[in-house]
1. How about the stretch 77-103: which of its residues are more than 15 Å from residue 52 (Cβ to Cβ) and under 19 Å from the mean Cα position of the chain (by Cα)?
2. Considering only residues that are over 21 Å from residue 64 (Cα atoms) and touching a residue at least 12 places away in the same chain (Cβ under 8 Å), look in the stretch 124-154 and name the one that is surrounded by the fewest Cβ atoms within 10 Å (Cβ to Cβ).
3. For residue 83, indicate whether it is within 22 Å of residue 68 (Cβ to Cβ) and in a loop (DSSP other than H, G, I, E, B).
4. Are any residues in the stretch 139-159 out of contact with any helix residue (DSSP H, G or I) (no Cβ under 9 Å at 6 or more places or on another chain) and part of a loop (DSSP other than H, G, I, E, B), and if so, which ones?
5. Scan the stretch 160-169 and give yes if some residue there is under 27 Å from residue 38 (Cβ atoms), in a strand (DSSP E or B) and within 20 Å of the chain's Cα centre (by Cα), otherwise no.
6. Confirm whether residue 74 is under 21 Å from the mean Cα position of the chain (by Cα), part of a strand (DSSP E or B) and either surrounded by 12 or more Cβ atoms within 10 Å (Cβ to Cβ) or not assigned by TED's automatic domain parsing to the domain that holds residue 127 (or both).
7. Can you pull out the residues in the stretch 104-138 that are in a loop (DSSP other than H, G, I, E, B) and closer than 19 Å to residue 52 by Cα?
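The values are calculated or read from the model by the stated rules, or taken from the named source; none is laboratory data. Please read all numbers here as calculations on a predicted model, not as lab measurements. For neighbour counting, all protein chains shown are included, and Cβ atoms are generated from backbone atoms with ideal geometry for every residue, glycine included.
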């Protein structure tokens with residue numbers, strides 16, 4: 001019986017030493033990986049759309065009372081990227097009826113936007129100077145802020161459900177162009 005207890009004791013000691021060694025391999029101070037360190041952003045590949053905006057799937061959305069432009073997003077073009085970027089086609093209409101279509105992306109984590117390209121009569125033209133820019137909240141043509149706050153982002157996280165985005169873009173419930181309210185609903 002003494003030999004059996006020694007074997008059990010030796011086995012228990014081996015397991016505890018092995019467990020301790022395994023636990024040390026996951027120690028961020030030992031491995032150099034800090035689980036609380038900010039993640040480094042790595043943008044995925046962006047390909048320009050093949051087609052112009054689809055007029056039948058354009059969804060107008062409200063921006064501000066002070067803008068003179070009209071804005072619509074092509075709901076068929078919305079891509080929820082695994083890299084944290086929501087890409088989309090926006091159509092901007094000026095007061096005389098002229099339109100410009102742009103392919104853009106929004107990052108919710110940093111509240112930034114990027115212009116990938118514009119549509120011209122010959123097709124999509126890529127923007128060679130494309131870079132991430134802060135989304136402006138206090139300008140009349142703040143359509144990126146409206147899209148981010150009203151549909152594409154859930155606070156500072158990307159909305160991952162396309163049905164939620166499409167539902168949010170519904171003109172009867174779209175809140176992107178409204179001023180934030182306090183908990184009592186007072187602006």
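1. 78, 79, 80, 81, 82, 83, 84, 85, 86, 87, listed by residue number.
2. 131
3. On the way: within 22 Å of residue 68 (Cβ to Cβ): no; in a loop (DSSP other than H, G, I, E, B): yes.
It is false that residue 83 is within 22 Å of residue 68 (Cβ to Cβ) and in a loop (DSSP other than H, G, I, E, B).
4. Across the stretch 139-159, the qualifying residues are 140, 141, 142, 155, 156.
5. Of all residues in the stretch 160-169, those under 27 Å from residue 38 (Cβ atoms) come to 160-161, 164-165.
Now drop any that are not in a strand (DSSP E or B), which leaves none.
Checked the stretch 160-169: no residue is under 27 Å from residue 38 (Cβ atoms), in a strand (DSSP E or B) and within 20 Å of the chain's Cα centre (by Cα).
6. Judged against the criteria, residue 74 is a match.
7. So the first thing to find is which residues in the stretch 104-138 are in a loop (DSSP other than H, G, I, E, B), and the list is 108-111, 121-122, 127-132, 135-138.
121, 122, 127, listed by residue number.
Residue-wise test of (1) assigned by TED's automatic domain parsing to the domain that holds residue 111; (2) modelled with pLDDT of 70 or more; (3) touching a strand residue (DSSP E or B) at 6+ places or on another chain (Cβ under 7 Å); (4) surrounded by 10 or more Cβ atoms within 10 Å (Cβ to Cβ).
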residue: 26; (1), (2), (3), (4): no, no, no, yes
residue: 37; (1), (2), (3), (4): no, no, no, no
residue: 40; (1), (2), (3), (4): no, yes, no, no
residue: 43; (1), (2), (3), (4): no, yes, yes, yes
residue: 48; (1), (2), (3), (4): no, yes, yes, yes
residue: 62; (1), (2), (3), (4): yes, yes, no, yes
residue: 66; (1), (2), (3), (4): yes, yes, no, no
residue: 69; (1), (2), (3), (4): yes, yes, yes, yes
